[in-house]
Amino acid sequence: MLSLLAYAKDMHPREIFLVIRGRRFRDGFLVEDFLLPQSTILGEGFAIFNPYNIPIDFKIIGTVHSHPSGVLRPSIDDYNHMYGFIMVIIAYPYASFSDVAVFDAKGESLEFEVI
């Protein structure tokens, strides 16, 4: 998780976007690694990816992206373009785990633990 915070801080004010690989369990998820989809465009206030460039991979469970604005809630666009089961948002100033939030497809905030 610290590497994601550092990556978001390094890319600021551009957004970051990564696909999350892991496992889904009855009571939660285990994140194993992150992928940068081919041809992803990272800009100031947006990140664009083509879902057709993501390989067929049944271990993809969601996405992670940053909010350089500092808002730690999903936007309407985030909901409309959700990919997978979970969405992780990292918000400016990217200083600690309090700048990270995890949401499900319904927009409900999920608890997370870094192990």
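All of the numbers you see were taken from the coordinates with simple rules; none came from a lab. What you are looking at is a predicted structure, and each value in this text was computed from that prediction instead of being measured. Every residue, glycine among them, receives a Cβ derived from its backbone with ideal geometry; neighbour counts consider all protein chains shown.
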Subject >> Helix-only CD estimate at 222 nm, as mean residue ellipticity for the chain, using -39500 (n - 2.57) per DSSP H run (n ≥ 4) >> reply: -3500 deg cm²/dmol
Original post:
List the chymotrypsin sites (Phe, Trp or Tyr not before Pro) in segment 41-95 that DSSP assigns to loop (not H, G, I, E or B) and whose Cβ has at most 11 other Cβ atoms within 10 Å. Which are they?
Top reply: PHE58
**OP:** Find out how many positive minus negative residues lie around ASP33, taking Lys and Arg as positive, Asp and Glu as negative, among other residues whose Cβ is under 14 Å from that of ASP33.
**Re:** +1
Original post:
Remind me, relative contact order of the chain in percent, using alpha carbon pairs under 8 angstrom and six or more residues apart?
Top reply: 23 percent
Original post:
About its Cα centre, what dipole magnitude does the chain give when the only charges are +1 on Lys and Arg Cβ and -1 on Asp and Glu Cβ, stated in debye to the nearest 20?
Top reply: 180 debye
Original post:
Per the Debye formula with a single identical scatterer at each Cα and no solvent contribution, what log10 I(q)/I(0) holds for the chain at q = 0.13, 0.18, 0.19, 0.24 Å⁻¹?
Top reply: -0.44, -0.89, -1.01, -1.68
Original post:
Measuring from label point to label point, each 7 Å out along Cα→Cβ, what is the SER3 to SER96 span in nm?
Top reply: 2.4 nm
Subject >> Nearest-0.05 FRET efficiency for ARG26 and ASP77, computed from C-beta distance (R0 22 Å) >> reply: 0.15
